[in-house]
Amino acid sequence: MAELERTYEKTLSTHANWQPRFRQILASASPTAKVALVGVGHPMRGDDFVGSFIVKTLKNKIPTDEVVLFDSEDGIEWVISKIKNSDPRHLVLLDACQMNAGPGEIALIPLAETSYPFFTTHGIPLKLLTNTLLPSVETSILAIQPNRMGLNEGLSQAVLGAANSISNFVVDTLKESESNA
């Protein structure tokens, strides 16, 4: 357990400043190098819903076809073929993750730097799934520390604030990239 806590501490100290790298990923989107944003989360499990909530918020706000959105809710295996067919260069999974951080804290972590069992709130091994089915795609997870995971609780204020921050960041970054093109 102490080893696991050190992993969380390293993850947060290394990847908590998520904006610069996420900005680079979003700005790299092009017709030949799409970026896929995949929301993960169960709609009835409190903060677990955050990834799906972000993607739902972003629908109709993305100013480019080069960033594609997928809402997998709690079944990423059901959209993995659609993700593969979009032929992305970058894949960013938006998900609630237990990081031993404060509620709503955000970290962008390359999936290659994670180890099994990874600290998402879902039982599916995301690293195994993406390594097997999307081996040439650079995959990261935009992890949000949940506060509550109970049934029918809705998003906590801290996680809702993080979700809105991420959504606004994506829209602003893509608008900025479009105006610089």
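Which of the residues that make up segment 9-53 are out of contact with any helix residue (DSSP H, G or I) (no Cβ under 8 Å at 6 or more places or on another chain), of a type in the set (A, V, I, L, M, F, W, C) and at pLDDT 90 or above?
Hits for segment 9-53 are 18, 25, 33, 44, 49.
Can you find even one residue in segment 107-124 that is in a helix (DSSP H, G or I), at pLDDT 65 or above, of a type in the set (Gly, Ala, Ser) and farther than 19 Å from residue 52 by Cβ?
Yes, that holds for at least one residue.
Quick one: which residue in 95, 87 is acidic (Asp, Glu), under 11 Å from the mean Cα position of the chain (by Cα) and at pLDDT below 95?
Going through 95, 87 in turn, just one is acidic (Asp, Glu), under 11 Å from the mean Cα position of the chain (by Cα) and at pLDDT below 95: 95.
State whether one or more residues within segment 133-146 are surrounded by fewer than 12 Cβ atoms within 10 Å (Cβ to Cβ), part of a loop (DSSP other than H, G, I, E, B) and at pLDDT 65 or above.
There is at least one residue in segment 133-146 that is surrounded by fewer than 12 Cβ atoms within 10 Å (Cβ to Cβ), part of a loop (DSSP other than H, G, I, E, B) and at pLDDT 65 or above.
List pairs: first residue in segment 128-142 and of a type in the set (Asp, Glu), second residue modelled with pLDDT of 90 or more anywhere in the structure, Cβ distance under 6 angstrom, at least six positions apart or on different chains.
138/90
The values are calculated or read from the model by the stated rules, or taken from the named source; none is laboratory data. What you are looking at is a predicted structure, and each value in this text was computed from that prediction instead of being measured. With ideal geometry, Cβ positions are generated from the backbone for all residues, glycine too; neighbour counts draw on all protein chains shown.
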